[in-house]
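The values are calculated or read from the model by the stated rules, or taken from the named source; none is laboratory data. All of these numbers come straight from a predicted model, not from anything done at the bench. Because the Cβ atoms are built from the backbone with ideal geometry, glycine has one as well, and the counts that use them run over all protein chains shown. These area figures cover heavy atoms from the full protein model, side chains too; ligands, DNA and RNA do not enter into them. Shrake-Rupley method; radii C 1.70, N 1.55, O 1.52, S 1.80 Å.
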Amino acid sequence: MADLILFIACSIILLSILLTFIRLIKGPDYMNRVVAFDVMTISSISLIIFISYFLKRSIYIDVSLVYALLSFIGVIAVARFSEKGDLDD
Amino acid sequence: MNKLRFRVPLVIMVFGLWAILVLPITTPKLIIGVVLSVIFLIIPFPGAEVYGDLKFSFKKVAYFIAYIFYFLWAVVKSNLDVAFRVLSPQLPINPGIVKVKTKLKSSLGRLVLANSITLTPGTITVDIENEFLYIHWINIDTENQELATGKIVQGFEKYLEVIFG
Amino acid sequence: MIDIIASVVILVGALFLLLASIGLLRMPDLYNRMQAGTKATTLGSILIFLGFIILNGDNWSKYLLLIIFIFFTNPLSSHALARAAHFMGINPILDRESEISPRDDLKTEKDTEAES
């Protein structure tokens, strides 16, 4: 029973990543694409947590932690770049 | 450079995060953590002046715990509100950027206030200038600045005024 | 019993993630997409991690660290994106058909400063 509900939740997250991907392709300018990428990253962090539970490898949680860190730094870098025009200071 | 007192809260927080990361704690890990904390406490780094606003008292801790629960309730409530707006077919939104005024003096308090407003769905802090916050609001229902301040800021401000002084 | 409660919590979190992506598709302009997108994902992913804490108690510290991390970084990144978008001159629009700009206190104030 619990495994079935987990499977449904996993499919819902995959569907949401797919819907976000439409916005990533369609987005009128690159700001929209960055927002879509941000949402997609958080969905995929949850998906990595699911994988670590199904395969029973707790080391994958660290992978998702590092992934969250990298995506945060990437989004901040893009925001700074489009605000100032360069990446100094 | 900045005083030792300013860096103490930050080093305690970072030590706590490190302790959570390496659980379960054994004696060698504890020794490494304490040695690294003392090294970071001695080296001055820019930006630590912000933490000088924090002062410890039991009243503040009690208000902080109450603030966490109030904040979680506000997040859940407004998440359901935004969910309703997204799912309803007419898309009932009335967005715009409003200017509100805050009473908080310390910069750490303003930071926490801006982050709380951003985490509550329906409102994003776009810019801060001294005591004015510019907020993108998904459904503006009032034209008056005082009413907008009352609706967005004052619920959080009541707690943060006590915590950060 | 307890694992069914945990998986229902996870399912609610997944539904919030789905809601975020629907909002990202339906909303008319960048700021409203940010409203729908980056907030519902915060609550959704935190609910998912809470469910896994109930389900799999061995690694609670790592999940707790993820919750703290997402709680602190998500508002910062969405604030930085909104600020950058406003700096680039992207105006908030009212709805899908009309291109009339709604109320914008920040922009009008900057304009009056530039004129005087």
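Per-residue Karplus couplings for the stretch B:8-16, computed as 6.51 cos²θ - 1.76 cosθ + 1.60 with θ equal to phi - 60°, are listed in order as 4, x, 5, 5, 5, 5, 5, 5, x Hz, Gly and Pro entered as x. Extent along the principal axes, Cα only, for the protein assembly as shown: 65, 56, 41 Å, with the longest axis given first.
Interface C-A: total buried accessible area of about 4000 Å², 1.4 Å probe, protein heavy atoms only. Per-residue surface analysis assigns C:Val9 an accessible area of about 40 Å², computed on protein heavy atoms at 1.4 Å probe radius. Against the longest alpha carbon principal axis of chain B, how many degrees, from 0 to 90 and to the nearest 10, is the axis of helix B:107-119 turned? That works out to roughly 50 degrees. Surface composition of the stretch C:26-96: carbon plus sulfur atoms hold 65% of the accessible area, using a 1.4 angstrom probe and ignoring ligands, DNA and RNA. Accessible surface for A:Ile8 stands near 80 Å², nearest 10, in the context of the full protein assembly shown (1.4 Å probe). Could you give the longest part of chain B that holds none of the GluC sites (Glu not before Pro) found in DSSP loops with at most 15 neighbouring Cβ atoms within 10 Å? My reading of the result: B:1-130 is the longest stretch. For chain B, the Kirkwood hydrodynamic radius comes to 18.5 Å, computed from all pairs of different C-alpha atoms. With a cut-off of 13 Å between beta carbons, the residues surrounding C:Leu24 carry a summed charge of +4, where Lys and Arg count +1 and Asp and Glu -1.
The chymotrypsin sites (Phe, Trp or Tyr not before Pro) found in the stretch C:19-89 include none that occupy coil by DSSP while having at most 11 further C-beta atoms within 10 Å. Between B:Val126 and B:Tyr134, B:Ile135, B:His136, the built amide H atoms are under 5 Å apart, and every one of these is 5 or more places off in sequence or on another chain. Solvent-accessible area of B:Leu10, all protein chains in place: 40 Å² (probe radius 1.4 Å, heavy atoms, ligands and nucleic acids excluded). Summing +1 for each Lys or Arg and -1 for each Asp or Glu among the other residues whose beta-carbon sits under 11 angstrom from that of B:Thr120 gives +1. Between B:Thr118, B:Thr27, B:Thr102, the residue with the greatest mean-square fluctuation in the GNM of chain B (Cα pairs under 10 Å linked by springs) is B:Thr27. Each residue of the stretch C:63-68 was assigned a 3J(HN,Hα) from its phi angle through the Karplus expression (A = 6.51, B = -1.76, C = 1.60, θ = phi - 60°), giving 4, 4, 4, 4, 4, 4 Hz with x at Gly and Pro. By its C-alpha gyration tensor, with a ≥ b ≥ c as the square roots of the eigenvalues, how is the stretch B:4-53 shaped: rounded for a/c under 1.5, else prolate for a/b larger than b/c, else oblate? Note, shape of the stretch B:4-53 comes out prolate. The region of chain B that goes longest without hitting one of the trypsin sites (Lys or Arg not before Pro) in a DSSP loop, each with at most 16 other Cβ atoms within 10 Å, is B:106-165.
The Rg/Rh ratio of chain A, with Rg taken over Cα atoms and Rh as the Kirkwood radius over Cα pairs, comes to 1.08. Take the accessible area of B alone and of C alone, subtract that of the pair with a 1.4 Å probe, and the total buried over both chains is about 3600 Å².
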